[in-house]
1. Could you list, in sequence order, the residues of the stretch 142-163 that are more than 13 Å from the ligand (Cβ to nearest atom) and small (Gly, Ala, Ser)?
2. Condition test on Val225, is it in contact with a helix residue (DSSP H, G or I) (Cβ under 9 Å, 6 or more places away or on another chain), farther than 30 Å from Lys102 by Cβ and buried (at least 20 other Cβ atoms within 10 Å of the Cβ)?
3. Taking interchain pairs and intrachain pairs at least six residues apart, which have beta carbon atoms under 7 angstrom, with the first residue in the stretch 132-159 and over 25 Å from Ser21 (Cα atoms) and the second among the charged types (D, E, K, R)?
4. Output the residues belonging to the stretch 134-148 that are over 14 Å from Val119 (Cα atoms) and β-branched (Val, Ile, Thr).
5. Answer yes or no: is there a residue in the stretch 37-56 that is within 19 Å of Val86 (Cα to Cα) and touching a residue at least 60 places away in the same chain (Cβ under 8 Å).
6. Quick check on my filter: what residues within the stretch 167-196 are among the aliphatic types (A, V, I, L, M), touching a residue at least 40 places away in the same chain (Cβ under 8 Å) and farther than 21 Å from Ala15 by Cα?
7. Residue check, Ala91 against (1) closer than 18 Å to Asp38 by Cβ; (2) over 15 Å from the mean Cα position of the chain (by Cα), all met but one. Which one?
8. In the set Lys102, Lys124, which member is basic (Lys, Arg), out of contact with any helix residue (DSSP H, G or I) (no Cβ under 6 Å at 6 or more places or on another chain) and closer than 28 Å to Ala198 by Cα?
Amino acid sequence: MGERFRDQVVMITGAAGGFGSAAARQFAAEGAKLLLSDRSAEALDGLVREFGGGDRVFATALDVTDEDCVANHVAEGAKTLGGLDVAINNAGIGHDLAPLQKLTGDTFDRMMAVNAKGVFLCMKAQIPVMLEAGSGAILNVASAAGLVGAGHLSAYAASKHAVVGLTKAAADEVARKGIRVNALCPSFAVTPLFDEIADALAGRRGESRETAYSRITGRVPMGRVASPEEVVQAMLWITHPDNSFMTGQAVAVDGGLTAV
Ligand code: NAI
């Protein structure tokens, strides 16, 4: 067990998913106390059981689009665990691959509600707690689709570009108050969300999941997708207090995808 986040309170949304659960495990292994949430109560319970409950984990099943639930979770969690040092705003959803003209307005609204407004509501609750302490690090999980266009994922890409914009504006507002705000832009990593995208691609083209996987990895200069643990290494580095001069950045962890 490491010491890099010894007794720091780390909030993670979408904690029961691929990146979220990997982040919870790695921050806990570095000594952090965990403030966890996910809309799936069952999956969240399973994760909390892994940590044996106790007074180092505070978990709430909630939807990040519900302003009151998010505000209560942050207030109660910070009170119970003793503050809020790091926030990983990670909850997010994708949509079926389709050209823009085939997407519905409801799909667009849902992407913006969960991926963009969810991050906005989390930061709205987190920033006052961090301002009171005079320190903190927020990391919003955007996507490579928050940096470049992603054909057939236009509503998702719009919501992730919004996350990058929110990140930069918030970073500017709190930069002189000891709080850093950055965004993480992964490309493809093997998680349930990625499996959904690969299956959708396979279904659309009438090919196997394996063929869809190779089509995706073929676009990545490193020739492979990431593991969730590799993406979490960037979360640990970006949010660690030693990384003290980085704020307002959208950091690509993408095997080179957006570099070419
Ligand atoms: P995942 O589907 O494994 O996990 C997402 C988690 O968020 C799930 O546990 C889900 O229950 C939760 N969630 C969804 N909507 C919610 C809501 N309204 N309120 C609260 N919780 C909610 O997905 P994954 O891959 O771990 O994605 C995490 C983040 O990383 C997302 O924001 C995603 O857009 C982003 N991302 C993922 C990439 C990948 O290849 N896996 C690539 C780039 C970005």
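Values in this text are rule-based calculations from the coordinates and carry no lab data. Worth saying up front: this structure is predicted, and the values here are computed from it rather than measured. Note that we place each Cβ from the backbone using ideal geometry, even for glycine, and neighbour counts take in every protein chain shown.
1. Gly149, Gly151, Ser154
2. no
3. Gly134/Lys177
4. Val148
5. no
6. First, the residues of the stretch 167-196 that are among the aliphatic types (A, V, I, L, M): 169-171, 174-175, 179, 181, 183-184, 189-190, 193.
When the remaining residues are screened for being touching a residue at least 40 places away in the same chain (Cβ under 8 Å), the result is 170-171, 174-175, 179, 181, 183-184, 189-190, 193.
Hits for the stretch 167-196 are Ala170, Ala171, Val174, Ala175, Ile179.
7. Looking at each condition in turn, Ala91 falls short on (2).
8. On inspection, the qualifying residue turns out to be Lys102.
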